[in-house]
Amino acid sequence: MKTRVFSGMQPTGNLHIGNYLGALKNWVRIQHDYECIFCIVDLHAVTLYQEPGELRAKIAEIAALYLAAGIDPQVCSIMVQSAVPAHAELAWMLTCVTPVGWLERMTQYKTKAAKQESVSDGLLQYPVLMAADILLYQAGIVPVGEDQAQHLELTRDVAQRFNSLYGDTFVVPGTSLPAVGARIMGLDDPTQKMSKSATGQNHAVALLDPPDKIRKTIMRATTDSSPGVDPETAGPGVLNLLAIYQAFSGDGDDEMKRHFAGMRYGELKKQVAEMVVTHLEPFQQRYRQIISDPGYLAAVLRDGAARVAPIANDTVRLVKQRMGLYT
Ligand code: TYM
């Protein structure tokens, strides 16, 4: 039996090249090697307020982006989290074995909570719901960007704690990070991770940005005061541009060094911009086709949910038995 893979994205903000290079591109690469489930995690999205109409539209947009990137719905299951109630059900059971202290230590929780006047309980429970997503399908591999590594660590801790309290129940999953692109930084500030929620004009390249905007954002990227590229001593801004180029091109380290050594920053940015535009233009064409067919999208999501629900329900049944709950 093939190892199961589970991963997901929140239907919030605009998906950017960090999401693509850190996660989505990897999903496409491994989809034929494993039994893959790719989720649109709408229950996670509502841990912060979302305008309902916008959220609904974003769910379809993310599904279309998965497909445009090359996820094959014949091979993988693409599904929406709230379409399978077992996610929320297992999350409750896991909440009961998770110490609050583990959750309060989560970096993303601390960052997000600091920006809120009033913090919802859901924001604190966020990583438990994420653990439920993964453990529900007994996934062995979870391909994500580096910012999710701490949540994956917590998922393993929760699985091990449950297993030791109630007997072997869950597969303890491993994290899979891409070799290049696991942490794409903001183009306006390369000390901060590229983020969907950042507001700066030149912060991110969104997957659906028009080519002119992509070029403009990359040409304005923050670098440093050296005259040209020295791969050994380059600062974070230049390293980020090199990582973006390498993740799109698939070039090896030596090839990259030979190609860029001594190159002026203006030329470096131009080449990075062209590399990104060349990849995103056909992607955007596919996206426009897919999003214009809501019937097809709805069928993909319905099929995905129908395929995975029996696996999820089996796990919930097993967990209920283990815990002595009424079945
Ligand atoms: P989300 O929606 O914030 O991000 C989706 C994916 O994109 C990766 N990512 C990045 N990778 C590289 N550089 C960046 N700057 C960058 N920014 C984001 C993220 O690591 C992620 O892989 N909690 C998750 C969603 C989730 C999930 C799950 C993931 C819910 N349940 C179960 C895996 C398994 C999240 O907020 O991703």
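The values are calculated or read from the model by the stated rules, or taken from the named source; none is laboratory data. No experiment lies behind these values; they were computed from the predicted model shown. Cβ coordinates were reconstructed from backbone atoms using ideal geometry, including for glycine residues, and neighbour counts include every protein chain displayed.
Just a yes or no: is a residue in segment 131-138 within 11 Å of the ligand (Cβ to nearest atom), in a loop (DSSP other than H, G, I, E, B) and crowded, with 16+ Cβ neighbours inside 10 Å? Yes, segment 131-138 contains a residue that is within 11 Å of the ligand (Cβ to nearest atom), in a loop (DSSP other than H, G, I, E, B) and crowded, with 16+ Cβ neighbours inside 10 Å. Whenever a residue of segment 205-232 is of a type in the set (Lys, Arg), its partners that are in a loop (DSSP other than H, G, I, E, B), lying with C-beta atoms within less than 6 angstrom and at least six residues away or across chains, give the pairs Arg220/Asn202. Is at least one residue of segment 296-305 assigned by TED's automatic domain parsing to the domain that holds Asn19, charged (D, E, K, R), under 30 Å from Glu61 (Cα atoms) and assigned to a helix (DSSP H, G or I)? Yes, there is a match, as at least one residue in segment 296-305 is assigned by TED's automatic domain parsing to the domain that holds Asn19, charged (D, E, K, R), under 30 Å from Glu61 (Cα atoms) and assigned to a helix (DSSP H, G or I).
Tally time: how many residues in segment 98-122 are touching a residue at least 60 places away in the same chain (Cβ under 8 Å) and either surrounded by 19 or more Cβ atoms within 10 Å (Cβ to Cβ) or within 11 Å of the ligand (Cβ to nearest atom) (or both)? Outline the logic, then answer.
We begin by selecting, within segment 98-122, every residue touching a residue at least 60 places away in the same chain (Cβ under 8 Å); these are 98, 112, 116, 120, 122.
Keeping just the survivors that are either surrounded by 19 or more Cβ atoms within 10 Å (Cβ to Cβ) or within 11 Å of the ligand (Cβ to nearest atom) (or both) gives 98, 112.
Counting residues in segment 98-122 that are touching a residue at least 60 places away in the same chain (Cβ under 8 Å) and either surrounded by 19 or more Cβ atoms within 10 Å (Cβ to Cβ) or within 11 Å of the ligand (Cβ to nearest atom) (or both) gives 2.
The criterion of at least 1 residues that are more than 26 Å from Ala247 (Cβ to Cβ) is met, among helices (runs of 4 or more DSSP H) falling completely within segment 1-120, by 42-45, 52-69, 86-95, 100-104, 107-114.
Report yes if some residue within segment 54-64 is out of contact with any strand residue (DSSP E or B) (no Cβ under 8 Å at 6 or more places or on another chain) and crowded, with 24+ Cβ neighbours inside 10 Å; otherwise report no. No.
Restricting the first member to segment 262-285 and to residues that are more than 13 Å from Leu242 (Cα to Cα) and assigned by TED's automatic domain parsing to the domain that holds Ser226, and the second to residues that are hydrophobic (A, V, I, L, M, F, W, C) and assigned to a helix (DSSP H, G or I), the beta-carbon pairs closer than 6 Å and six or more apart or on different chains are Val277/Ile214; His279/Phe248; Phe283/Ala68. From the list Ile17, Ile40, Ile59, the lone residue that is near the ligand (Cβ under 9 Å from one of its atoms) and touching a helix residue (DSSP H, G or I) at 6+ places or on another chain (Cβ under 8 Å) is Ile17. In the condition set (1) under 30 Å from Thr111 (Cβ atoms); (2) touching a helix residue (DSSP H, G or I) at 6+ places or on another chain (Cβ under 7 Å), Val229 is compliant with all but (1). Considering (1) within 15 Å of the chain's Cα centre (by Cα); (2) surrounded by fewer than 21 Cβ atoms within 10 Å (Cβ to Cβ), the lone condition that Gly70 does not fulfil carries the number (1). Which pairs turn up if I take residues in segment 3-26 that are assigned by TED's automatic domain parsing to the domain that holds Leu43 and look for partners that are among the basic types (Lys, Arg) and more than 8 Å from the ligand (Cβ to nearest atom) with beta carbon separation below 7 Å, at least 6 apart in sequence or on another chain? Final answer for the pair search is Pro11/Lys58; Thr12/Lys58. Taken over segment 178-205, the criterion of being buried (at least 17 other Cβ atoms within 10 Å of the Cβ), closer than 20 Å to Trp27 by Cα and out of contact with any helix residue (DSSP H, G or I) (no Cβ under 6 Å at 6 or more places or on another chain) is satisfied by Ser195 alone.
With respect to (1) more than 12 Å from the ligand (Cβ to nearest atom); (2) over 30 Å from Thr95 (Cα atoms); (3) part of a loop (DSSP other than H, G, I, E, B), the lone exception for Ile218 is condition (3). Report yes if some residue within segment 37-46 is among the aromatic types (Phe, Trp, Tyr) and farther than 19 Å from Tyr137 by Cα; otherwise report no. For segment 37-46, residues among the aromatic types (Phe, Trp, Tyr) and farther than 19 Å from Tyr137 by Cα: absent.
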